[in-house]
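**Student:** One structure follows; several queries about it will come next.
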Amino acid sequence: MKRRVQVVICRTCSGAADVLDVDRLLRVASDAPYVGSAVIVNYACNKKSISEIVDDAKSKEVDRLLLVPCSKKDVSPTLFQAYVKKAKMNEFLMETVDLVGEAALPHRDDPARAQAKAEAKLLAAIARTALLEPLHKITEDMRTKNVVVIGAGVAGVEAATTAANLGMHTIIIEKSEKKLKVPGVMMTKSRVISTEGHAGNYSLSIEAGEKRETLECAAVVVASGGDWSDAERRFIDAAPDSKPLYQLDRDVSEGKTPDGTVIIIDTPDPEGARTAAQDFAWEEALDCAIEIRKKSPATEVYLLFQEMRAMGLAELAYKEAAGLGVTFVRYDAKRPPEFDSEDGNRVTVLDMAQDETLSIAFDALYYASVSPNPDNIAIADALRIPMSPSGGIRRGSIQRGPVTTLRPGIFVCGSAKFPKSEGMARLEGRAAGLLAAQFAAAGEVESGGSVAEVAPEKCSACLTCVRTCPYEAPFIGVAGKAEIAIQMCQGCGMCAGICPSKAIELHHFTDEQLLTEAAVYLRGDF
Amino acid sequence: MKAGSNLEKVLEAGKFAVTAEIGPPQSSNPEPLTHHARMMKGSADAFNLTDNQTAVVRLSSIASAAIIMREDIEPVIQMTCRDRNRIALQSDLLGASAIGVKNVLCLTGDHQTFGNERAAKSVFDFDSVSELYTFDKLRTEGLQSGGTVIDDKPELYLGCAENPFATPYEFRATRLAKKVDSGADFVQTQAIFDMDMFEKWMDEVRSRGLDKKTHILAGVIPMKTAGAARYMKNKVPGMIVPDYIIERMRNASDAKEEGIRLCVEQIETLKTIKGVHGVHVMAVMWEEMVPRIVEMAGLLPRPTVK
Amino acid sequence: MIIAERKPLGEIAMMVAPHEKVTVIGCRSCVAICLAGGEKEVDTLVSAMKLKSMNEGRTQYFDGFVLERQCEKEWVKEVEDKILAADVVLSMSCSLGAQTIGDLYPEKIVVPGLNTAMFGVPEEQGVWSEKCLGCGDCIIHTTGGICPIARCAKSMLNGPCGGSSNGHCEVNLEIECAWYAIYERLKLQDRLDLMDTVRPPKEWSTSHSGGRRVIVREDAKLTPHQIRGKEASL
Amino acid sequence: MPDREPKIVGFCCEKHGIDSVDLAARSGRQYDSSIRLVRVPCTGRVDGTHLLKALEEGADAVFVLGCLEKNCYYDTGSIEGRKRVAYVKSMLSEVGIEPERVEMFNASSSMSWKFSEIASNMVKVAARLGPIGSRGGGR
């Protein structure tokens, strides 16, 4: 490899803040080791510039590019692709360095130091670029367009419908015998046992009644819901007819309002031992309360809650409900309401706002929260995804999206994560269906590139990587040494950081690349 | 008669025996030993001299025994496996026997991490069962553990300890059986506060006929304060102190008196339990109370058995 | 496997303080697996020691290497030049590795960077526990597969002592009582009769108590005739 | 007083970490230019050696910036990062170097204020302690 770097400085971007002296940056770059060419272009992001850059690269016989634009995020991926294609360069030999975001903008008040820092940063980036290695990505065709949805509740059905409307083959795995008219296939009395494969080509082992079968799919949506049955059991002695809030919501929207006295409580487990009070149901609870009071003014409505979280516009609903005579009772989780069904249904609760104990005889009880589904343990285990401490399926980082899990191609929605109102569950179901469909529609899945690799001669097979990787990418191969399943590797480098034998390198972020960058950067005095 | 000690005579005559514990001093001054010996003389049939109890360095058990024997008091020497290998254990046993010691209590011993010499190398060449096994062979056949057979066999009355309150509970009687099989003539138990649990253990002991093969002396500890009771409940592994005892100690106007009363009551109860042949009073740092406790429990005067 | 733990850097620094050129040698075997002396630990230690010497304004020279197995002469000889060039060798291996270097190069000062702690197993990532004392006379077939010699603080042979508290050891209430575990295991296997047997005093002569042990397998040993040239003299 | 500006290296994750830096810059926040950021995909990639070598190369202080632990892009990367930093801090203490020269921080991409706080925090530490060995002969 030649290791000759072409440095391209975009005058518009790098000079944008009027802090940096772009021409001096060019001189610094020109004198730096490994630099085969250093040029300034007025607009890096225009087609003409790309031709110029490519011509320059060819004539100067460089094999890699360091682009000095605004920030990596502002550089259009198509610009990279165009360059890479034209220059016949490996995409991993292109690097950008953000002098604006790291020097010009935050040190605007001290242009001299900002310039010196930018120069040092540029040199560090050149040194790093010189050490880059060409890397290759693997593209694998998805064998199916199947989207598997686990659970035929509100969120699950919505997810399946959404994905099916987008042309995916949907299969709902439902543990009960309930029959629903849904697009695609619905397997009742079935559950997922285990998963093999990786994003785009998952292979699920399904137990359907007595049978075992394998189901190929591109993406999975977990919509296991909450444990309504359990919640219902909890109140069975105290209030035999207690129902989840969504039932009330449905009834009210169909014009059926209950008579007598109605209690809506935030959780079926007021002591909070298993189920936290639910945040999201307040809008629904308030809407129901308002509707009941409007349609049937003779019905008394009590809302029992630990903390009212009617936020945003829901605040207006709160006001309206109060105006309509809904009684709000705030209780302390340490002194939960006591239910008694000896002589009709009755609840005794200390109202913290008034500091008085109320004893309310009621006719109907609705609860706005549910326990996590105990099946989550088996589902999480089968799909190899983590759970949250509260017993739900743990969602992935918010940067991956709101309905993601840590594994690509596996999504989670509704109360599977934590208790949701019906409306929220439906919305999340749609989001998950959409993302799963989008994922499956790609038809192919990419892997490789900046992934980890084991140097077998250094590996002690200590299993540290195997135990640490959240994606289960490392495994012990036939040679008795660790290997990385490239399709599983997400490129975080945790294994490389923790390997006691330093047998693992993360491509594109090798020790040498990182340490050289740091060392060169430190050489700058500013 | 195996050794002809007073303790053996009392027990073999079917009398309700009393033993009491004397903690040797942490220095070479024999005075506290002589003092306690004179004070407690006549209130028990034999006196245990602890062996570096809780792994704190103290005047040795055998030397202590020699000192109290000058006061015409019968010792029970304690021999733990913590500090001595089989050579030292057998050697000390022969030495003790030579100066007239007859009663020997075989113990595994508290681990040294509890004491004041935490850096010590632990020995544990034997455990209490193998110690008993070896000592029994030595007294009956003159056979040392290494195979050497000696002519003048030591005359010994061998005892062991047992804790009914250590886990697994259902194994505790079996463990006693192993000790009895290995030669234990008498047993001194861990201090008993939970009578129900002790009775359960005794049921098991009796159903195996162990009470017929060995003499069980139930352990008691008089407490000075409620804090001591709490400490034993929470901090001493293998000790069970029911809450009502702690309550009684806490509510008492005079905790020391209450402690004595409790101890006497416990002895009264233990006397009624079938298979219990005596009590072992462990008045740690409170030896002067032993005569009073024994008297209050109606166990004075101590019998003389020819 | 052998479980070791790095010595505090202050102690290591004191051992190497009188010397200028320090060669640090790790091992890819047991001590790498127990995160004490693999390449990563060697690198970080070298780096930390360099910083210390920088901080104190002295110029001590540190260099680090890792061997496949430091307890074997052949591997050690691979870095012979580094060993000979050093004023002191800091072994980041179990004491077996350190002694192998010392025995091969008797004129060299070899200091231990690790405390060799025990024969143990990784219970989970980052947790190791002792399970064997190398007594040379394995009896775990009679104790439900659990070694009372290593796993009982008092190496008891006839059941748990009086300090077994809720199944835990009186010496460390965080640790299970070995005999409690044995009892439970034998109960599970319906072999509780093994708990009834009186075990006579243990034969300790097979352990270190019988003197330093050497195991010879005549069928595996090379005859003088098979040993080549210079190696025959080692 | 040191005769040069402090030198600080920050190993910063490419997810929430760098986003919080970017947002700070774009919100017009100013911070001391002594900070030198080196991007890593995830703080779990950071190895104790990286931190120590940066100090060897002349950094007065080093920090690691990653996602919030509960919202890490790579799920558990920030937790790993935190553990590595803690280990290096203990090693530094053992060799008589101030452990506060190395720190772990977490931020989410929406925390525009966080990075200038981190920067001023580290600059204060570096300015107070000076370069390693600058006080001649250590302690």
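What follows is calculated from the coordinates using simple rules that are stated; it is not laboratory data. Please read all numbers here as calculations on a predicted model, not as lab measurements. Cβ coordinates were reconstructed from backbone atoms using ideal geometry, including for glycine residues, and neighbour counts include every protein chain displayed.
**Student:** Using a cut-off of 17 Å between alpha-carbon atoms, which aspartates and glutamates can reach A:K211, once sequence neighbours fewer than 8 places away in the same chain are excluded?
**Tutor:** Within the straight-line cut-off, A:K211 pairs with A:E174, A:E177.
**Student:** Between A:S388 and A:E307, what FRET efficiency follows from the Cβ-Cβ distance if R0 is 22 Å, with the result rounded to 0.05?
**Tutor:** E(calc), rounded to 0.05, equals 0.65.
**Student:** Any chance you could check the Cα centroid distance between region A:16-69 and region B:190-208 for me, in angstrom?
**Tutor:** Value for the Cα centre distance between the two parts: 90 Å.
**Student:** When only C-alpha pairs under 8 Å and at least 6 residues apart count, what is the relative contact order of region B:1-49, in percent?
**Tutor:** 46
**Student:** Assuming R0 = 25 Å, can you tell me the calculated FRET efficiency for the pair A:K319 and A:D355, based on Cβ-Cβ distance, to the nearest 0.05?
**Tutor:** Values: r = 23 Å, r/R0 = 0.93.
Computed FRET efficiency for A:K319 and A:D355: 0.60.
**Student:** Distance cut-off 22 Å, Cα to Cα: go down the list B:K121/B:K153; A:K47/A:K137; B:K9/B:K271; A:K502/C:K131; C:K7/C:K52 and report the pairs above it.
**Tutor:** Check vs 22 Å cut-off fails for B:K121/B:K153; A:K47/A:K137; A:K502/C:K131.
**Student:** What is the angle, in °, between the Cα long axis of helix A:47-60 and the longest principal axis of the Cα atoms in chain A? Nearest 10 is fine, range 0 to 90.
**Tutor:** So the helix axis and the longest Cα principal axis differ by about 40 degrees.
**Student:** Can you return the lysines within cross-link range of D:K70? Criterion is Cα-Cα under 18 Å, with same-chain partners fewer than 8 residues away left out.
**Tutor:** Leaving aside lysines fewer than 8 places away in the same chain, those within reach of D:K70 are A:K417, D:K15, D:K83, D:K114.
**Student:** Could you compute the net charge surrounding B:M239? Neighbours are other residues with a C-beta less than 15 Å from the C-beta of B:M239; K and R count +1, D and E count -1.
**Tutor:** Values: positive: B:R172, B:R230, B:K233, B:K235; negative: B:D110, B:E162, B:D194, B:D243, C:E170.
Net local charge, B:M239 excluded: -1.
**Student:** How high is the FRET efficiency between B:Y244 and A:K189 when r is their beta carbon distance and R₀ equals 51 Å, given to the nearest 0.05?
**Tutor:** Working: r = 55 Å, r/R0 = 1.08.
Calculated transfer efficiency: 0.40.
**Student:** Considering only the other residues whose Cβ falls under 12 Å of the Cβ of A:R407, what net charge follows from Lys and Arg at +1 and Asp and Glu at -1?
**Tutor:** Net charge in that neighbourhood comes out at +2.
**Student:** Normalised by the number of residues in chain C, what is the relative contact order in percent for Cα pairs under 8 Å and 6+ residues apart? If you can, show how the numbers build up before the last one.
**Tutor:** Details: 364 pairs, mean separation 38.5, N = 234.
Value for chain C: 16 percent.
**Student:** Using amide H atoms built 1.01 Å from N in the peptide plane, name the residues 5+ places from B:L143, or on other chains, whose amide H lies under 5 Å from its own.
**Tutor:** Under 5 Å from the amide H of B:L143 lie the amide H atoms of B:L138, B:I150, each far enough along the sequence or on another chain.
**Student:** I'd like the distance between the alpha-carbon centres of region A:384-438 and region C:147-190, rounded to an integer number of Å.
**Tutor:** So the two Cα centres are separated by 46 Å.
**Student:** Could you give the length gained on full extension between A:S51 and A:D343, defined as 0.36 nm per residue of separation minus the Cα-Cα distance, in nm?
**Tutor:** Additional length available on full extension: 96.4 nm.
**Student:** Sequence gap at least 6, Cα distance under 8 Å: using those rules, report the relative contact order of chain B to the nearest whole percent.
**Tutor:** 20
**Student:** Is region D:8-128 best put as rounded, prolate or oblate by its Cα gyration tensor, with a ≥ b ≥ c the root eigenvalues, rounded for a/c under 1.5, and otherwise prolate when a/b is larger than b/c, oblate when not? Let's see the in-between values first.
**Tutor:** Values: a/c = 2.03, a/b = 1.22, b/c = 1.66.
Oblate is the answer for region D:8-128, as a/c is 1.5 or above yet b/c matches or exceeds a/b.
**Student:** Taking only Cα atoms, what is the 0 to 90° angle, nearest 10, from helix A:511-523's long axis to the longest principal axis of chain A?
**Tutor:** 70
**Student:** What is the spin-label model distance, in nm, from D:Q30 to B:M195 if the labels are put 7 Å beyond Cα along the C-beta direction?
**Tutor:** Reported label-point gap for D:Q30 and B:M195 is 8.4 nm.
**Student:** Quickly work out the A:R212-to-C:V216 label distance, labels modelled 7 Å from Cα along the C-beta direction, and quote it in nm with one decimal.
**Tutor:** Each label point lies 7 Å from its Cα, and together they span 5.5 nm.
**Student:** Are any of the pairs C:K154/D:K89; B:K200/B:K233; A:K458/C:K221; A:K481/D:K89 more than 27 Å apart by Cα-Cα distance, and if so, which?
**Tutor:** Working: C:K154/D:K89 37 Å; B:K200/B:K233 19 Å; A:K458/C:K221 29 Å; A:K481/D:K89 32 Å.
C:K154/D:K89; A:K458/C:K221; A:K481/D:K89, as the Cα separations exceed 27 Å there.
**Student:** OK, next. What's the local net charge at D:R82, with K and R +1, D and E -1, over the other residues with C-beta under 13 Å away?
**Tutor:** Combined, the nearby Lys, Arg, Asp and Glu give +1.
**Student:** In whole angstrom, how far apart do the alpha carbon centroids of region A:451-526 and region B:39-61 sit?
**Tutor:** Cα centroid of region A:451-526 versus Cα centroid of region B:39-61: 64 Å apart.
**Student:** Could you name the aspartates and glutamates whose alpha carbon sits less than 15 Å from that of C:K202, not counting residues in the same chain fewer than 8 places away?
**Tutor:** B:D125, B:D127, B:E131, C:D137
**Student:** Continuing with this model, one more query. Along the Cα→Cβ direction, 7 angstrom out, place labels at D:D3 and A:A485. What is the inter-label distance in nm?
**Tutor:** For the pair D:D3/A:A485, the computed spacing is 5.9 nm.
**Student:** Sort chain C into rounded, prolate or oblate with this rule: let a ≥ b ≥ c be the square roots of the eigenvalues of the Cα gyration tensor; rounded if a/c is under 1.5, and if a/c is not under 1.5, prolate when a/b is larger than b/c, oblate otherwise. Numbers along the way, then the final one.
**Tutor:** On the way: a/c = 2.99, a/b = 1.62, b/c = 1.84.
Judged from the Cα gyration tensor, chain C comes out oblate (a/c at least 1.5, b/c at or above a/b).
**Student:** State the extension gain, in nm to one decimal, for the chain segment bounded by A:R467 and A:E177, taking 0.36 nm per residue of separation less the distance between their alpha-carbons.
**Tutor:** Working it through step by step, the gained length comes to 100.6 nm.
**Student:** Is the shape of the protein assembly as shown rounded, prolate or oblate, going by the alpha carbon gyration tensor and its root eigenvalues a ≥ b ≥ c, with a/c under 1.5 for rounded and a/b larger than b/c for prolate?
**Tutor:** The shape class here is oblate.
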